[in-house]
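Notes follow once the structure below has been shown.
The values are calculated or read from the model by the stated rules, or taken from the named source; none is laboratory data. Computed from a predicted model, the values in this text were never measured in an experiment. Virtual Cβ from ideal backbone geometry, glycine too; neighbours counted across all protein chains shown. Ligands, DNA and RNA are stripped out before the accessible areas are found, and what is left, the full protein with its side chains, is counted by its heavy atoms. Shrake-Rupley method; radii C 1.70, N 1.55, O 1.52, S 1.80 Å.
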Amino acid sequence: MHRVRLYLAASILTLSSMQASAQSNTWQETHAFTFLASGTQSSWADYLASDQPGVSRIAFGSYDENNALQSWDDALPYEPRPAPKTLPYGDTMQISVKDGYRITGYSLQSNVFSAHLVALGWENYKEYDEISPGYAYSSATLAVETRLADGSAIGAGQSKTLFNSSGELLVGASGLSLTQDFSIRFDAMLTTDAKAQWAHIRDPDPYLCCHYISNPSLAHVSLRDIMLTIYSEPILSAVPEPQTHAMLLAGLGLIGWRWRRKATAREKGNR
């Protein structure tokens, strides 16, 4: 009986996980299009932040440790120094445009936060006969490209990078008129590198030789509040050309002239 209960519990958990996975792959709907995020970054749960006429905003989560990168170094010159770190990730947004609408452009933006620590000040001490400066370096890159369902690219992609600074990254495309299915692919890359500052101190007693001291360096960078904004508009019915208006007026005038001519003929016949 105990084994049966365990089997039932395992079956329920399996079904629940399958249902949750199916829900995460469900197309979501806006007023002008439906979309599906098909990337592998499972920590980002795509969701519709707002949907107003002409403007739909899709958020990719707020800041968490999966969107951050950090390098720390406190190594002396005879110790191995940590290698630079890189963290790439991205997502592909599948877009299916609804009938009667077109996509006119989109923008992808993210806030970048960076922090750096490099210890300084040993240059003023005369007892140090050798000083190696430290450093802390970071960069954050955001890139996008647009492709049709057949894989062909629409225009040129965009890429922007912030070096050793906090701020906003903004990329995107404008002047579009898309009514068929397409995709927006975006990629992000974080990079950090840090090297400790160390000093070489020679002891006055030559038999005691020397020793080293070091101060750590830290480089940190993260992406926060990644937001995709898609702009759309309804497709209006065609506006008649001036020639069409002229022909319509001419036709109405001809009908009116013939109707008046017949009315005049009837009046003469009645007399």
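Overview of results
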| item | result |
| --- | --- |
| Subset of segment 158-172 (residues that are assigned to a strand (DSSP E or B), of a type outside the set (A, V, I, L, M, F, W, C) and either in contact with a helix residue (DSSP H, G or I) (Cβ under 9 Å, 6 or more places away or on another chain) or within 18 Å of Ala219 (Cβ to Cβ) (or both)) | Thr161, Gly167 |
| Failed criterion for Ala143 (all others in (1) under 18 Å from the mean Cα position of the chain (by Cα); (2) open to solvent by 60 Å² or more (accessible area, probe 1.4 Å); (3) at pLDDT 90 or above hold) | (2) |
| Selection status of Asn164, farther than 30 Å from Val97 by Cα and modelled with pLDDT under 90 | no |
| Strands (runs of 3 or more DSSP E) contained entirely in segment 1-103, each with at least 2 residues that are modelled with pLDDT of 55 or more and open to solvent by less than 50 Å² (accessible area, probe 1.4 Å) | 33-37, 55-59, 68-73, 85-97 |
| Considering residues of segment 171-196 that are closer than 17 Å to Tyr89 by Cα and open to solvent by 40 Å² or more (accessible area, probe 1.4 Å) only, the residue farthest from the chain's Cα centre (by Cα) | Met189 |
